[in-house]
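Worksheet: the structure to be examined is printed underneath.
The values are calculated or read from the model by the stated rules, or taken from the named source; none is laboratory data. Only a predicted model underlies this, so the values are computations on that prediction, with no experimental measurement involved. Quick reminder, even Gly has a Cβ in these numbers, built from the backbone with ideal geometry, and neighbours come from all protein chains shown.
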Amino acid sequence: MFLQYKFPIEPSRAQHARLASILQLQRNLYNDALQNRRAAFQRGVHLTYEDDTKSLPAYRMANRQHTALPWGINNWTLRCVDTAMTRYRDRLTANPNAGFPRFRSEERWRSFGVHGVRGCVIADGYLTVDGIVGKLRMRMHRPLPADARIARLTFTRRARQWHVAILIDCKVGDQEHKKPGSACGLDLGIEQLASLSDGSLFDDTPRKTTQSSALRRAYRALARCQKDSRRSKKLRERQDRASQRVINLRSTRLHQISAAITNRFETIVVEDLALKQFPRPTRTRRPSDGVGAIAIRENGQVLAEPRPKRLLEMRGGLENLDSRISGFSA
């Protein structure tokens, strides 16, 4: 089972500059590889990820700064190019006039990763990866599983703050639920995020917090400043920090709701609906487009993975839930 842990890191000034330079190098590699794919596509030649990796040694020799980096960093970037081209071909089947993948500017390239991690050590709150920046201090707010194997690392910069996402492969056996035989029906909606068959309601109305107020102030200040000025860059970073805090609060709330539902019931029946087709409510503080309900379903599937057949999708309405649930829980 693959799990991802995200931790903030606290690099020194030299490490911060080193991470920024690696990020810039991978952005250039992405744009160069995408330009090569684009030129080949216009000639009618179909290139694959294997073709990109074959030309990677020559690219590294032409750009000497890449030779000091592990091969896994460049492979991660090339996989991003391959994913973008795969999605582009899928869009072409639906729309012949679909646009080509865009090149990435500095504002639209925030991450780089290490595919196939080697020489990675996590000890005493420090992360060490050969060929990158040495020992990086991490704020590990929760420990990794003892038998975890690191499969991939992703470094992300957002508003001068760096995070590392650690993808691990661990063995999770079948776990016995605290309440065996318990079952409920889950109705995902718009005005009420989630409604259970026992009458429990979960509201997704955002509350007024200091983070949302800071985000509004950052937007107003950014609208008043001159475009492309030094102040606009600082205010954009402040806006990104405030936006990330709001995103973290909302993500935490959705995870708490998913965990509360899966911990109370062993079997959960969810109606199979296209949530994006729901009409948006007119008198709400924040019109919802079903993103919260989709996140609840995805989080429930992740939490139910160690225990098979806990989250069931059912077509049709959720009327007479008691009789249907009794059939699933038998």
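Details
- Residue in the stretch 150-185 that is modelled with the lowest pLDDT, counting only those that are polar (S, T, N, Q) and assigned to a strand (DSSP E or B): Gln161
- Residue list for the stretch 223-272, filter: over 24 Å from the mean Cα position of the chain (by Cα), in a loop (DSSP other than H, G, I, E, B) and not hydroxyl-bearing (Ser, Thr, Tyr): Cys225, Gln226, Lys227, Asp228, Phe265, Glu266
- When Arg139, Arg157 are checked against the criterion of being surrounded by fewer than 15 Cβ atoms within 10 Å (Cβ to Cβ) and either farther than 15 Å from Leu69 by Cα or touching a helix residue (DSSP H, G or I) at 6+ places or on another chain (Cβ under 6 Å) (or both), Arg139 stands alone in meeting it.
- Inclusion of Leu188 among residues that are outside the structural domain of Glu107 (by TED's automatic domain parsing) and either at pLDDT 85 or above or closer than 22 Å to Arg160 by Cα (or both) is not warranted.
Residues checked against (1) in contact (Cβ under 8 Å) with a residue 60 or more places away in the chain; (2) aliphatic (A, V, I, L, M); (3) in contact with a strand residue (DSSP E or B) (Cβ under 7 Å, 6 or more places away or on another chain):
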| site | (1), (2), (3) |
| --- | --- |
| Ile9 | yes, yes, yes |
| Leu34 | yes, yes, no |
| Val45 | no, yes, no |
| Ala68 | yes, yes, no |
| Ala84 | no, yes, no |
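- Some residue of the stretch 80-100 being within 25 Å of Ala17 (Cβ to Cβ) and either surrounded by 12 or more Cβ atoms within 10 Å (Cβ to Cβ) or charged (D, E, K, R) (or both): yes
- Residues that are surrounded by 15 or more Cβ atoms within 10 Å (Cβ to Cβ) and closer than 15 Å to Phe155 by Cα within the stretch 21-58 comprise Ile22, Leu23, Leu25, Gln26, Arg27, listed in sequence order.
- In the stretch 136-149, residue nearest to the chain's Cα centre (by Cα) [restricted to those that are assigned to a strand (DSSP E or B) and modelled with pLDDT of 90 or more]: Met138
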